[in-house]
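What follows draws every value from the coordinates through simple rules; no lab data is involved. Since the structure is predicted, the reported quantities are computational estimates derived from the model, not experimental observations. Every residue, glycine among them, receives a Cβ derived from its backbone with ideal geometry; neighbour counts consider all protein chains shown.
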Amino acid sequence: MSDLLITGARLLGGEANDVLVREGTIAEVGRGLDVPADTETVDADGLTLLPGLVDLHTHLREPGREDAETIASGAAAAAAGGFTAVLAMANTNPVTDTAEAAERVLDLGRDAGLVDVQPIGAVTKGLEGEELAELGLMHRSRAAVRVFSDDGRCVADARVMRRALEYVRAFGGVVSQHSQDPDLAGPSACCHEGELSGRLGLPGWPAVAESSIIARDAQLARHTSSRVHVAHVSTAEGVEVVRWAKAQGIALTAEVTPHHLLLTQDLLSGYDPTFKVNPPLRPSEDVEALRAALADGTIDAVATDHAPHARHDKEHAFVDAAFGMLGLETAFAVVHDTMVRGGFMDLATLADRMSTAPARIAGLRDHGGAIEAGAPANLVLVDTEANRTVDAAASRSLSRNNPWHGRSLTGAVHTTILRGRVTASLQGTA
Ligand SMILES: [Zn+2]
């Protein structure tokens with residue numbers, strides 16, 4: 001592998017520096033590095049260098065729904081979005097609930113070669129919520145699964161959740177919970193329960209369906225001395241419980257999606273299923289609480305919940321359409337525009353929430369580290385001044401359920417580097 005020299009990049013938004021990458025590893029950081037004249041060079045003058053982004057929550061749809069996304073197309077979208085690692089959710093068909101299924105996801109990710117694809121294992125067989133899946137076998141497999149989730153569904157049975165937490169404790173695993181009491185939410189819920197849902201005549205999820213499960217799981221994590229992760233927290237009430245659990249010293253972490261940081265339930269007034277997502281878009285007070293909690297570290301990480309859907313699953317009457325929206329390619333721009341330009345955090349904090357913290361939660365040692373000699377060269381160059389209008393047609397994803405289409409955002413991914421190799425760039429390499 002040839003050397004790669006990045007010149008004049010501002011590390012985490014600070015001082016401009018050169019970074020020399022050799023054999024997939026950062027070899028040197030400094031000004032005016034002495035390298036052979038023919039070294040491949042990326043002129044990063046005016047750009048910012050961050051550790052490659054890590055997504056704790058990606059739906060890649062393969063196996064089973066390759067019409068909506070494949071591991072290869074999802075990996076291409078991830079690389080374009082500045083990611084060097086993604087965790088692939090288990091709700092595929094078949095479900096990732098065995099060692100073989102997990103290894104297959106890992107291998108398909110390696111074949112694509114654009115981003116590290118780390119499988120998430122199901123908590124229960126077939127996501128049925130009853131019998132524990134092969135957690136230990138998945139962990140001991142080549143895929144070394146550490147994160148388990150029935151995402152799409154809540155592990156609603158407290159006894160099953162307790163046993164899962166006890167089981168993963170043995171090898172330092174974590175259960176990522178889709179916190180939503182199915183009885184409180186009701187089977188046909190499709191938006192936030194409140195004044196607007198009443199006006200639109202749509203059945204809703206109350207915030208307490210989320211916060212009550214977070215509270216229960218926090219208590220179970222304490223009882224079992226194990227680790228729980230709250231997927232896509234979406235309400236101020238949920239944030240309050242996360243804050244309480246952390247104050248008690250409970251090993252609980254939480255993520256928020258870019259869409260819950262920027263979009264509100266008001267978008268539902270036109271019944272456009274593009275904005276139908278689970279958990280649902282909430283009122284602006286919730287959005288404000290989520291922003292503050294991400295800034296102060298109550299919420300540890302941003303995760304996309306990238307959820308591609310084929311046209312024929314999404315283009316229905318609102319109540320019948322599939323849940324979910326695309327997110328990999330726009331995550332950096334949305335978080336940068338909302339949180340950094342919005343004055344809530346600096347670029348170093350964004351790097352923590354989008355790379356370092358998610359890598360730590362998932363136990364990915366090669367990602368999210370400091371940009372220094374000896375570290376794996378998993379990096380992203382971003383342009384914090386670039387203003388772009390999102391074009392759904394330009395996406396690498398196979399799906400087009402893009403809630404950001406037509407929106408103008410400041411902050412763009414310039415070049416993504418996985419172990420020293422350019423996997424995506426504005427110049428169109430890779
Ligand atoms: Zn979910």
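The table below lists the values:
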read-out: J(HN,Hα) series, the stretch 25-31, from Karplus relation 6.51 cos²θ - 1.76 cosθ + 1.60, nearest Hz, glycine and proline x; value: 10, 5, 8, 8, 10, x, 8
read-out: Span from the the stretch 316-342 Cα centroid across to the the stretch 363-409 one, whole angstrom; value: 13 Å
read-out: Binned Cα-Cα distances of the stretch 70-143, short to long, each 5 Å bin given as a whole percent; value: 3, 19, 27, 22, 15, 10, 4, 0
read-out: Rounded FRET efficiency, nearest 0.05, which uses the C-beta distance separating Glu372 from Asp183 and R0 of 56 Å; value: 0.65
read-out: Ranked list, fewest to most other Cβ atoms within 10 Å of each Cβ, for Lys246, Lys314, Lys276; value: Lys246, Lys314, Lys276
read-out: Between the stretch 69-116 and the stretch 144-172, the alpha-carbon center distance in angstrom; value: 21 Å
read-out: Two-decimal log10 I(q)/I(0) for the stretch 333-430, as the Debye equation yields it once each C-alpha is a single scatterer, q = 0.19, 0.20, 0.24 Å⁻¹; value: -1.13, -1.21, -1.35
read-out: Whole-Hz couplings from phi, Karplus 6.51/-1.76/1.60, listed for the stretch 56-68; x for Gly and Pro; value: 6, 8, 10, 9, 9, 6, 9, x, x, 10, 5, 6, 8
read-out: Neighbour-count order for Thr70, Thr410, fewest beta carbons within 10 angstrom listed first; value: Thr410, Thr70
read-out: Residue order, fewest to most surrounding Cβ atoms within 10 angstrom, among Glu288, Glu62; value: Glu288, Glu62
read-out: Estimated FRET transfer efficiency (Ser2, Arg142; beta-carbon r; R0 22 Å; 0.05); value: 0.15
